[in-house]
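Working notes, beginning with the structure itself.
Here, each number is a calculation from the coordinates, and none is a lab measurement. Since the model is a prediction, treat every value here as computed from it, not as a measurement. All Cβ positions, even for glycine, are placed from backbone atoms using ideal geometry, and neighbour counts span all protein chains on display.
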């Protein structure tokens with residue numbers, strides 16, 4: 001490609017850096033823009049009542065005329081989860097591999113967006129042209145089938161984006177990662193490599209997915225007389241395949257439980273990504289027709305999520321399955337950072353019910369460790385290194401690997417979400433910063449809960465609320481009834497009658513003070529009531545509940 005008028009390529013991550021999740025990156029060359037991935041993240045502990053977090057796409061809305069399409073690397077929630085919300089605001093075609101499109105279709109169906117959204121299935125090795133870009137899909141391995149890396153060819157140079165990947169020479173389904181193609185692209189010269197950093201702190205290689213199959217065989221052989229329950233990620237189709245293989249070998253029937261698990265396995269089976277022997281799967285209602293040692297239950301909830309199937313079983317609120325002594329429960333996953341407490345709570349609950357809980361060696365990561373990251377760098381030989389997909393410490397760890405492989409420090413770019421990196425053969429630098437952030441989804445409301453509402457929720461959660469109700473006469477502002485004080489989440493009223501009585505006096509005194517000063521403005525009266533009551537309660541209890549004075553006119 002001849003270089004036209006020396007334009008630079010702009011790379012703008014709108015999410016996914018300095019956090020695990022919410023991956024979305026815009027690539028721009030002159031008047032063409034493509035977006036790689038469009039994921040969500042799950043709420044932090046302090047986001048009370050929030051269901052999901054999606055990226056702020058103001059930048060895409062402002063540049064919608066440039067947007068040529070969404071290119072998706074694989075079907076995990078942190079890469080496709082925000083699509084239904086984003087497409088409502090910026091509709092553009094979606095390009096992805098078969099299973100990924102299948103999983104996206106499920107989401108679009110739920111949101112009634114199937115008809116209005118163009119989706120195109122791309123095979124590994126194929127390329128698509130979008131404006132000034134040509135994007136080639138390269139086969140990789142990950143904890144979900146059909147994962148791709150992308151080679152993004154632009155007039156300013158080639159970018160290789162690994163997506164989430166590991167190097168698995170013996171995958172359960174399909175081929176190994178196409179290392180040869182990485183090498184060929186590397187030979188032709190690569191401007192920058194954007195590589196998965198999730199396991200950049202871990203030395204060595206990630207074990208092959210197949211090793212888990214052996215572990216399952218051993219566990220099944222050891223627990224021939226008990227019912228086996230395996231909790232894993234719904235999206236890990238290869239893991240489910242191996243559990244089904246072991247179950248079939250040992251003559252057990254399999255039940256799949258948990259909404260997301262049923263959805264994903266249904267889609268995977270339809271598209272031929274999972275091979276289930278005849279008469280192996282049974283409905284959950286049929287479980288009672290078989291002895292315990294003849295069944296395996298594959299379920300969601302390996303992260304201790306309170307509403308997932310396994311947690312409901314552990315808490316005895318699952319409608320169809322209850323844990324009983326002698327059950328064997330296998331956690332086929334590692335706790336995602338931040339979920340350790342929830343997972344350990346579920347393990348304790350299961351153990352108390354007499355179940356045998358196994359969580360060693362029944363899981364391998366879907367992300368590359370240091371040696372695999374070095375392998376990709378050695379094949380691709382990029383000029384610039386842009387670590388992606390990880391918290392700051394993971395990005396930093398990858399920067400260290402790149403530096404040790406001989407990439408000069410000034411060519412390693414650790415970006416933050418919102419940075420605009422401009423690059424060409426001569427240099428790469430951050431030239432601007434665009435608006436990014438987290439939009440909170442609560443129920444059906446998207447973005448209607450912000451920091452102020454969260455702060456109120458926190459305040460209510462920590463200190464409770466006190467409501468002061470009084471009625472004033474219309475013309476002379478005399479108190480007709482009240483003040484009545486109602487409190488929730490502050491103190492137990494029946495045991496604190498003195499405190500409440502005293503609080504009522506405080507409010508009366510505040511009202512008298514208003515009369516003396518001839519204050520008739522209600523908002524001033526409310527402020528005086530609030531301030532004096534707040535001072536009193538702080539002195540007495542060292543707590544400051546939210547105080548809402550309500551004044552009615554009679």
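Brief remarks on what is shown
- Overall form of the range 210-358 per C-alpha gyration tensor (a/c, 1.5; a/b vs b/c): rounded
- Ellipsoid fit via the Cα gyration tensor, the range 89-244: semi-axes of 33, 23, 12 Å, each the root of five times an eigenvalue, largest first.
- Taken over the range 382-534, the alpha-carbon convex hull comes to 232 cubic angstrom per residue.
- For the range 363-420, dividing the convex hull volume of the Cα atoms by the residue count gives 99 Å³ per residue.
- The range 449-499 gives an Rg/Rh value of 1.15, both radii derived from C-alpha positions and Rh following Kirkwood.
- 222 nm mean residue ellipticity, helices alone, for the chain (DSSP H n ≥ 4; -39,500 (n - 2.57); rounded to 500): -9500 deg cm²/dmol
- Remark: relative contact order (the range 96-155) = 30 percent; criterion is Cα-Cα distance under 8 angstrom and separation of 6 or more residues.
- The value given for the range 1-60 is a Kirkwood hydrodynamic radius of 13.4 Å, derived from the mean inverse Cα-Cα separation.
- On a per residue basis, the convex hull of the C-alpha atoms belonging to the chain measures out at 208 Å³.
- Three principal axis lengths of the range 161-239 [C-alpha, angstrom, descending]: 58, 24, 24
- Reciprocal mean inverse distance between Cα atoms of the range 451-553 - Kirkwood radius, Å: 14.2 Å
- The chain: angle of helix 392-404 to the longest principal axis, Cα-based, in degrees nearest 10: 30 degrees
- Residue ranges 17-25, 180-188 sort as 17-25, 180-188 when ordered by packing (mean number of other C-beta atoms within 10 Å per residue, highest first).
- Nearest 10 degrees, 0 to 90: helix 340-352 Cα axis against the chain principal axis: 90 degrees
- For peptides 122-133, 515-526, 53-64, sequence by mean Cβ density within 10 Å, most packed first: 53-64, 122-133, 515-526
- Protection proxy ranking of 301-307, 437-443 - average other beta-carbon atoms within 10 Å, highest first: 301-307, 437-443
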